[in-house]
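The values are calculated or read from the model by the stated rules, or taken from the named source; none is laboratory data. Please read these numbers as outputs of a predicted model, since none were measured by experiment. Every residue, glycine among them, receives a Cβ derived from its backbone with ideal geometry; neighbour counts consider all protein chains shown.
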Amino acid sequence: MDLPAVILVHPQLSENIGTTTRAMLNCGLTELRLVSPRENWLSAKAIAASSGAAALLRAARCFDTTAEAIADLHRVYATTGRNRFMVKPVVTPRRAATELRDHIAQGLRCGVLFGPERTGLENDDIALADVGVTVPLNPDYCSLNLAQSVLLVAYEWYQAGDPAEPRAMTRGAAPVALKEDLVGFFEHLERELDDCGFFRAIEKRPVMVRNIRNMFERADLTQQEVRTLHGIVHELVTWRRKKGEVEK
């Protein structure tokens, strides 16, 4: 799949270009285009700020005008933090990411424009774009630096194509407990609860046992965690017995 190009229009500081490439590469974007940058984008400051993404800096293409930078693209999105009073659709980065993926799936080449750090894009630049992109932020304070703006758009692009589940549990190297392990623990725990008189109302014991088992089932325990629980129950019982012997 082709990737949308990131186009920085009149970027002012070379280190901001470097941090932009870092944001891009984190999200799998690799094509950087520059329109009349004020400073050398291959300076030592830019390379240091790229934090390992210097290959994107070296591969960046430089243009004199925005029109030249987008000449080979079919669809262009322009980021803006304020109302430009133009008749133009405006979307969030999330919506932009979905649309960009749809366009690219149709074989269209796309890009996203980002303006200078101090002023943002000029109206003439935005007039060349098909769609505006505005990040919904705190209306009382919505100041973003260049790399932050790129990261927000790039992150939504990356997430729009991420097939991963929205929630996952990390386990390290510990395998999930077998049902045999769980049942063994349940029986150990219930045996000790019987001995200490926890199940005082005999008629309620079956329901209480099911509730306790369901609590531990929801925990999705590993084998090591089950062994730890066995140890906890054992130590509590041992302490109780020793305490009883001392009190006699």
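Tally time: how many residues in segment 70-94 are farther than 20 Å from Ala147 by Cα, out of contact with any strand residue (DSSP E or B) (no Cβ under 6 Å at 6 or more places or on another chain) and surrounded by 12 or more Cβ atoms within 10 Å (Cβ to Cβ)?
3
Rundown of residues vs (1) at pLDDT below 90; (2) in contact with a Ser or Thr (Cβ under 7 Å, 6 or more places away or on another chain); (3) of a type in the set (A, V, I, L, M); (4) at positive phi, yes/no style:
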position: Lys179; (1), (2), (3), (4): no, no, no, no
position: Phe186; (1), (2), (3), (4): no, no, no, no
position: Asp195; (1), (2), (3), (4): no, no, no, no
position: Pro206; (1), (2), (3), (4): no, no, no, no
position: Asn211; (1), (2), (3), (4): no, no, no, no
position: Ala219; (1), (2), (3), (4): yes, no, yes, no
position: Thr228; (1), (2), (3), (4): no, no, no, no
position: Ile232; (1), (2), (3), (4): no, no, yes, no
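Here's the yes/no breakdown for (1) under 21 Å from Ala23 (Cα atoms); (2) more than 21 Å from the chain's Cα centre (by Cα); (3) not aliphatic (A, V, I, L, M):
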| residue | (1), (2), (3) |
| --- | --- |
| Arg75 | no, yes, yes |
| Phe85 | no, yes, yes |
| Leu100 | yes, no, no |
| Gln106 | no, yes, yes |
| Gly111 | yes, yes, yes |
| Thr119 | yes, yes, yes |
| Asn123 | no, yes, yes |
| Asn138 | no, no, yes |
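In segment 209-226, how many are assigned to a helix (DSSP H, G or I) and in contact (Cβ under 8 Å) with a residue 40 or more places away in the chain?
The first filter runs over segment 209-226 and keeps only residues assigned to a helix (DSSP H, G or I), leaving 209-218, 223-226.
Now drop any that are not in contact (Cβ under 8 Å) with a residue 40 or more places away in the chain, which leaves 223-226.
Within segment 209-226, residues that are assigned to a helix (DSSP H, G or I) and in contact (Cβ under 8 Å) with a residue 40 or more places away in the chain number 4.
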**Message:** Out of Ala160, Ala105, Ala71, Ala96, I need the residue that is of a type outside the set (S, T, N, Q), under 25 Å from Gln12 (Cα atoms) and either touching a residue at least 40 places away in the same chain (Cβ under 8 Å) or in the same structural domain as Val35 (by TED's automatic domain parsing) (or both). Which one?
**Reply:** Ala71
**Message:** Let me spell it out: the conditions are (1) out of contact with any Pro (no Cβ under 6 Å at 6 or more places or on another chain); (2) surrounded by 13 or more Cβ atoms within 10 Å (Cβ to Cβ); (3) over 24 Å from Ala53 (Cα atoms), and Leu144 meets all of them except one. Which number is the exception?
**Reply:** (3)
**Prompt:** Within the set of pairs 6+ apart or on separate chains, which have a first residue in segment 188-199 that is closer than 14 Å to Arg240 by Cβ, a second that is outside any helix (DSSP H, G or I), and C-beta atoms under 8 Å apart?
**Reply:** Leu193/Phe199
**Request:** Look at Arg101 and say whether it is not small (Gly, Ala, Ser) and not in a loop (DSSP other than H, G, I, E, B).
**Result:** yes
**Prompt:** Is it the case that Cys110 is in contact with a Leu (Cβ under 6 Å, 6 or more places away or on another chain), surrounded by 19 or more Cβ atoms within 10 Å (Cβ to Cβ) and among the hydrophobic types (A, V, I, L, M, F, W, C)?
**Reply:** yes
